[in-house]
Structures are given as structure tokens and as C-alpha cells.
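Below is one structure, written out as C-alpha cells; the observations come after it.
Nothing in this text is a laboratory measurement; each read-out follows from the coordinates by a stated rule. These figures come from a predicted structure and were not determined experimentally. Don't worry about glycine lacking a Cβ; one is built from the backbone with ideal geometry, like all the others, and counts go over all protein chains shown.
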Amino acid sequence: MALLTITNLEKAYVSPEGLETRIINVPYFEIDEGTQIALRGSSGAGKTTFLNLIAGILQADSGSISLAGEEMTVLSESERDRLRAHHIGYIFQTFNLLAGYTALENVILGMMFGNGVDINFARQLLERVGLGDRMQYRPSQLSVGQQQRVAVARAIANRPRLVLADEPTGNLDYHYANEAISLIREICHENSASLLIVSHDSEVLGQFAEAKDFAQINCV
């Protein structure tokens, strides 16, 4: 059963000189419940824009994005925020952790915009990602790999149906990159969340049975 269905999705940007460049043109794309899909593409190909459209952070110029039975493109910004908070977990390349808060507080804050705070579940997630002894550490006190683990826990905190991961290994070396992808996949599987990951790293994406070139779906 399809969790996410996209048809005729388009997004363009206008340069300071007034020139319009179409970044996204996706005739059809879908993700079924519980599936894990990887998209490979070079920097500047529009992968982040694509994820931001799915998440409702950006508004499409035209087309349809149906998530969990709701048509996202007709929703207001606040309605898209609500839909994202309840159904989508987002792992950003730069993690986007709040510097003044502990690892546990970062996860809890993510819960405040979704289905409500569950401190025990937040603790369980941090323990699951190997940070049971780092819950009271702030991001500056954690390694890059540990910060990413907090970001993974936060993305799952609201028990989303879909997790989006934007170049989640971009700041990690090869060994930790493969370890991170394995962790993300395991956490999504354990929590029955579908996963859509985008990356330019062919070695990392080799872990996925279903990996596609972004150009295959983005027929600009």
C-alpha cells in the first residue's frame, strides 16, 4: 500500500537576473508502507529540494504530493507543519541540533511538535543509538558521529510513518558512514517507518537493494 504518492511534481527557482530554472520535474514516484528507498544524485541535482517538498517545507509550483492519504499541496503552511510533525521524521545533513540543549532535550523538543512528549521513549531511543551515557551532553560535547545519532533518535521520536534522510553521512568518514546507514535502517525497521534517503555516495548506497539515480525520477 502506498504511503507516499507523487505525480507531476514541479518546482522552479528564479535567479537574481530573473531567469527561471526548473529544479524538480517528477512525473511519478511512490513509496509503500515499510519500504526503504535510496536515491543517488550529484550535488546540485535537486535532491534536497525534493525532500523539502515532500516534507512540506517548500511549496510545489504544481503537481500532487499525497502523504498518508492527505494531499499536501493544497494545505496551508501551518497545516503542512502539522502533517510533517505527525508523519515525517527528517535527518538533516547538518543535524540541526539546538546547541543550548542536551541530547535528551533535543529529542524531547522534537516531540513537542508531534504527538506529545514521552520522556521514557526519548530515553529508550538514545539508549538504542548508543548514547545512554550521553543524554545530558550538549552537541558541542559530542563527536560528529554522536551528534548524528541524536539526530536519528529525534527523527524517530514522534513515531513517524516516513523518515527522510538528506546526505546523512556527509560529515562522517567511510567507516562511520556505513555504520550510520545501518543504524538508520535498523531504527526505521524497528519502528515500522518507511525510509527515503538521498546521497551522492555510491559505496553507502550499495547497502540498499532498491537504489535509483535521482535523474531517473527527476526527468527535467
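Restricting to Cα pairs below 8 Å that are 6+ residues apart, what does the relative contact order work out to for the chain? Please round to a whole percent. Averaging sequence separation for qualifying contacts and normalising by length gives 29 percent for the chain.
Remark: the stretch 58-74, residue by residue, has Karplus-estimated 3J(HN,Hα) of 10, 9, 5, 6, 6, x, 10, 10, 9, 10, 6, x, 10, 7, 6, 5, 9 Hz, where x stands for each Gly or Pro and the curve is 6.51 cos²θ - 1.76 cosθ + 1.60 at θ = phi - 60°.
Taking other C-beta atoms within 10 Å as the exposure proxy, ASP166, ASP32, ASP118 rank ASP32, ASP118, ASP166 from fewest upward. Here, the stretch 141-220 yields an orientationally averaged convex hull projection of 6.0 nm² when only Cα atoms define the hull. Taking GluC sites (Glu not before Pro) across the stretch 1-88, the ones in a DSSP loop with at most 14 further Cβ atoms lying within 10 angstrom of their Cβ are GLU17, GLU33.
Under a 5 Å amide H cut-off, with hydrogens placed 1.01 Å from N, LEU195 pairs with THR35, GLN36, ILE37, VAL163 among residues at least 5 apart or on other chains.
Ordered by the number of other Cβ atoms lying within 10 Å of each residue's own Cβ, fewest first, MET1, MET72 fall into the sequence MET1, MET72.
For the stretch 124-165 versus the stretch 43-94, the inter-centroid distance based on Cα atoms is 22 Å.
A cut-off of 5 Å between modelled amide H atoms, ignoring neighbours fewer than 5 places along the same chain, links ILE23 with LYS11, ALA12, TYR13. Ranking MET112, THR169, GLY69 by how far each Cα lies toward the positive end of the dipole of the chain (charges on Cβ) leaves MET112 at the top.
The DSSP beta bridges internal to the chain are antiparallel in roughly 50% of cases. Given the Cα-Cα distance of ASP213 and VAL14 and 0.36 nm per residue of separation, how much length would full extension add, in nm? Result for the pair: 69.1 nm of gain on full extension. For the stretch 64-140, the fraction of C-alpha pairs more than 15 angstrom apart is 63%.
Could you tell me how many cubic angstrom of Cα convex hull volume the chain has per residue?
128 Å³
For the Cα trace of the stretch 38-109, dividing Rg by the Kirkwood Rh returns an Rg/Rh value of 1.02.
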